[in-house]
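Comments concern the structure below.
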Amino acid sequence: SLHCRLVHMSGESQAREKAVDGEVGYTPSVNAMVLKRTVEMLQWKEHTHTKDQLKTISYKLEWSEVAIDSNQFSESANHYNPPCPLPTLRSKRICADISLGAYKLSDEVVEK
């Protein structure tokens, strides 16, 4: 029995169906087994610099996967970030029943 034993295998994994992102209507042209969607939004980010007890605040537009709350900025009126639904747009799809030969692969193995 191979239960709880380290096994090294190589070969082509197969899935009954490919990963599809139905929320945005995306079907990859290749037989993808894992499909990850990340969304970034161009937002203002506040940077604080201190040198010789002099505090300088600057703002820069940056792409971010995480919503940046501009209400906390020192100058929020001039550097406003609208509310964004970024956490709800991130997703991961993993096909069911992925196998390598006669062995079914767990989601943890497939994600690596």
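The values are calculated or read from the model by the stated rules, or taken from the named source; none is laboratory data. Computed from a predicted model, the values in this text were never measured in an experiment. Reconstructed Cβ throughout: ideal geometry from the backbone, glycine too, with neighbour counts over all protein chains shown. Areas reflect the complete protein model, heavy atoms only, side chains present, ligands, DNA and RNA absent. Shrake-Rupley method; radii C 1.70, N 1.55, O 1.52, S 1.80 Å.
Net charge around C84, counting only other residues with Cβ within less than 11 Å of its Cβ (Lys, Arg = +1; Asp, Glu = -1)?
With Lys, Arg at +1 and Asp, Glu at -1, the net is -3.
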note = If the chain between L89 and E108 were fully extended at 0.36 nm per residue, the gain over the current Cα-Cα distance would be 4.6 nm
request  = Please state the charge dipole magnitude for the chain, taken about the Cα centre, from unit charges on C-beta atoms (+1 on K and R, -1 on D and E), reported in debye and rounded to the nearest 20.
outcome  = 260
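Taking a 1.4 Å probe, which of I98, I57 shows the most accessible area, and what order do the others take after it? Each step should come with its number before you reach the end.
Values: I98 5, I57 55 Å².
The residues order as I57, I98, largest area first.
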³J(HN,Hα), Karplus 6.51/-1.76/1.60, whole Hz, each residue of segment 28-39, x for Gly, Pro = x, 6, 9, 7, 6, 9, 10, 10, 10, 10, 10, 10
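What shape does segment 24-77 take by its C-alpha gyration tensor, where a ≥ b ≥ c are the square roots of the eigenvalues and a/c under 1.5 counts as rounded, a/b above b/c as prolate, and the rest as oblate?
Numbers: a/c = 5.16, a/b = 3.10, b/c = 1.66.
Note, shape of segment 24-77 comes out prolate.
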ask   = To the nearest µm²/s, what D does Stokes-Einstein give for the chain at 25 °C and 0.890 mPa s, using the Kirkwood radius over alpha carbon pairs as Rh?
value = 134
ask   = Cα to Cα, under 29 Å, and not fewer than 8 places away if on the same chain: which lysines meet these conditions relative to K36?
value = K18, K45, K60, K92, K104, K112
query = Residues in segment 1-43 near a label at D97, defined as backbone nitrogen under 17 Å from the 7 Å Cα→Cβ point?
reply = 13-20, 32-34
request  = For R37 and K51, calculate 0.36 nm times their separation in residues minus their Cα-Cα distance, and state this gained length in nm to one decimal.
outcome  = 1.0 nm
task = Name the residue farthest towards the positive end of the dipole of the chain from the options S91, Q14, T48, assuming +1 on Cβ of Lys and Arg, -1 on Cβ of Asp and Glu, about the Cα centre.
result = Q14
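Is segment 1-56 rounded, prolate or oblate when judged by the Cα gyration tensor, a ≥ b ≥ c being the square roots of its eigenvalues, rounded requiring a/c under 1.5 and prolate requiring a/b larger than b/c?
oblate
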